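K.L.:
Okay, handing you the structure first.
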Amino acid sequence: MDGCILCPRQCGVDRTERVGYCGSGSLPKVARAAKHHWEEPCISGTNGSGAIFFSGCNLQCAFCQNEVISHGGQGETVSVERLAEIFRELENQGAHNINLVTPTHYADKIAAALSAVRERLSIPVVYNCGGYERVQTLRALEGLVDIYLPDLKYADDTLAQTLSGAKDYFSVATAAIREMVRQVGAPRFEGEKMVSGVIIRHLILPGFVENSLKVLDWIGENFAPGEVLVSLMRQYTPMPGMAAPLDRTVTDEEYD
């Protein structure tokens with residue numbers, strides 16, 4: 001944390017002293033931890049997914065539905081020990097899995113918390129992310145995550161820069177998804193509940209159908225049938241107050 005390189009931004013900020021590009025300090029900040037019934041059916045099941053919504057984000061999506069959490073800083077800071085307790089509490093409440101929502105910028109602390117309780121957890125761990133991941137960080141999670149649930153938002157670099165401030169999104173996200181598949185393999189189910197594998201999410205953006213077709217083409221060209229699952233989403237919602245990030249550069253004043 002004295003020079004953070006967890007995500008592809010590699011902003012190098014000492015997050016024990018100030019926040020990084022993600023807007024986050026060194027300890028996890030949790031906005032909500034509860035059973036969640038609105039993921040894909042194979043993730044939510046009948047009892048709900050044990051979703052932990054982390055504050056902050058390494059993307060700046062202009063259409064973010066969780067803006068108050070991802071960019072507004074809503075949440076409570078917790079220790080690694082407390083995070084591990086939350087995992088067990090959600091399991092005891094009957095959650096089908098531990099669902100880590102926007103976890104990238106806390107990957108090191110999450111890995112520590114999971115390592116402390118992994119042998120006692122009897123439910124899968126879901127890594128639910130925006131797809132903008134460093135392969136090196138993902139490799140540090142190998143054996144701790146059962147299900148990867150990444151977005152693949154863009155195949156168009158200009159669109160990725162304009163709407164999420166990440167002009168290298170496609171090359172970074174596709175490399176990350178290949179690593180996720182390498183780690184956990186093809187989807188595996190127990191009944192109707194998914195217990196391991198990769199689901200690639202894609203939100204269809206109004207007016208950008210070509211982007212969606214390119215994303216689907218890439219998936220079809222790079223994975224055999226059944227090797228990954230695809231979740232096409234149509235719940236685009238314009239959110240007030242969110243401006244396109246364009247070429248966003250974070251200054252020392254913003255960090256402070």
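The values are calculated or read from the model by the stated rules, or taken from the named source; none is laboratory data. Bear in mind the structure is a predicted one, so any value in this text is a computation, not a measurement. Here the Cβ is made from the backbone with ideal geometry for all residues, glycine too, and neighbour counts use every protein chain on show. Ligands, DNA and RNA are excluded from the accessible area calculation, which covers all protein heavy atoms including side chains. Shrake-Rupley method; radii C 1.70, N 1.55, O 1.52, S 1.80 Å.
K.L.:
Using a Gaussian network model on the chain with a 10 Å cutoff between Cα atoms, which of Met233, Met180, Met194 fluctuates the most?
P.N.:
Largest GNM mean-square fluctuation: Met233.
K.L.:
Please compute the alpha carbon radius of gyration of region 120-240, then divide it by the globular-protein estimate 2.2 N^0.38 Å. Two decimals is fine.
P.N.:
For region 120-240, the normalised Cα radius of gyration comes out at 1.08.
K.L.:
Looking at the chain, send over the antiparallel percent of its DSSP beta bridges, to the nearest 5.
P.N.:
Antiparallel bridges: around 35 percent, rounded to the nearest 5.
K.L.:
Would you kindly compute the Cα radius of gyration of region 11-65 and its largest Cα-Cα separation (Dmax), both in Å?
P.N.:
According to the Cα coordinates of region 11-65, Rg and Dmax are 14.7, 43 Å.
K.L.:
Pick from Asn222, Asn99, Asn128: which is most flexible by mean-square fluctuation in a GNM of the chain where alpha carbon atoms under 10 Å apart are linked?
P.N.:
Fluctuation is largest for Asn222.
K.L.:
Now for a separate question. Go through region 161-169 residue by residue and turn each phi into a ³J(HN,Hα) via Karplus (6.51, -1.76, 1.60, θ = phi - 60°); whole Hz please, and just put x for glycine and proline.
P.N.:
5, 5, 9, 10, x, 9, 5, 9, 4
K.L.:
Tell me, what is the FRET efficiency for Ser122 and Glu142 to the nearest 0.05, using R0 = 22 angstrom and their Cβ-Cβ distance as r?
P.N.:
Working from the Cβ atoms, E equals 0.65.
K.L.:
Can you give the FRET efficiency for Tyr236 and Arg32, using 1/(1 + (r/R0)^6), R0 = 25 Å, r = Cβ-Cβ distance, to the nearest 0.05?
P.N.:
Here the calculated transfer efficiency is 0.70.
K.L.:
Just the ratio, please: alpha-carbon radius of gyration of region 122-167 over 2.2 N^0.38 Å, N its number of residues.
P.N.:
Working it through for region 122-167, the quotient is 1.40.
K.L.:
On to the next question. May I have the count of lysine pairs in the chain with C-alpha atoms under 18 Å apart, counting pairs 8 or more residues apart or located on different chains?
P.N.:
5
K.L.:
Cα extents of region 37-112 along the three principal axes, largest first, in whole Å?
P.N.:
Extents along the principal axes, in whole Å: 33, 30, 18.
K.L.:
Among Cys42, Thr77, Cys61, flag the residue with its Cα farthest along the positive direction of the charge dipole of region 12-152, charges on Cβ as +1 for Lys/Arg and -1 for Asp/Glu.
P.N.:
Result: Thr77.
K.L.:
Further, regarding this structure: About the Cα centre of region 22-104, how large is the charge dipole given +1 on each Lys and Arg Cβ and -1 on each Asp and Glu Cβ? Please answer in debye to the nearest 20.
P.N.:
Here region 22-104 has a charge dipole of around 80 debye.
K.L.:
In addition: Can you work out ³J(HN,Hα) from phi for every residue in region 30-38, in order, using Karplus 6.51 cos²θ - 1.76 cosθ + 1.60 and θ = phi - 60°, giving whole Hz and x for Gly and Pro?
P.N.:
Taking θ as phi minus 60°, the curve returns 10, 8, 7, 9, 6, 5, 10, 10, 10 Hz for region 30-38.
K.L.:
Here's another thing I want to ask about it. Could you calculate the FRET efficiency of Val135 with Thr158 from 1/(1 + (r/R0)^6), where r is the beta carbon distance between them and R0 is 30 Å, rounded to 0.05?
P.N.:
Step by step, r from the Cβ atoms, then E = 0.80.
K.L.:
Eigenvalues of the Cα gyration tensor times 5, then square-rooted: what semi-axes does that give for region 87-187, in whole angstrom, largest first?
P.N.:
The answer is 27, 13, 12 Å, longest axis first.
K.L.:
For region 2-46 and region 171-239, what is the separation of their C-alpha centers, rounded to whole Å?
P.N.:
First find each Cα centre; the distance between them is then 21 Å.
K.L.:
What is the dipole size for the chain, taken about its Cα centre, with +1 at each Lys and Arg Cβ and -1 at each Asp and Glu Cβ, in debye to the nearest 20?
P.N.:
400 debye
K.L.:
Of the accessible area of the chain, with the probe set at 1.4 angstrom, what percent is carbon plus sulfur?
P.N.:
With neighbouring chains kept in place, the figure for the chain is 50 percent.
K.L.:
At q = 0.18 Å⁻¹, what log₁₀ I(q)/I(0) does region 24-159 have when each alpha carbon counts as one equal point scatterer in the Debye sum?
P.N.:
-1.02
K.L.:
Next up: Quick one: which residues, 5+ away or cross-chain, put their amide H under 5 Å from the amide H of Arg32? H built at 1.01 Å from N.
P.N.:
It is Phe53, by chain and number.
K.L.:
Oh, and also: Return one whole number: the accessible area per residue of the chain in Å², for a 1.4 Å probe.
P.N.:
The answer is 45 Å² per residue.
K.L.:
Also: Report the Cα-based extents of the chain along its three principal axes, largest first, to the nearest Å.
P.N.:
Largest to smallest, the principal-axis extents are 44, 44, 33 Å.
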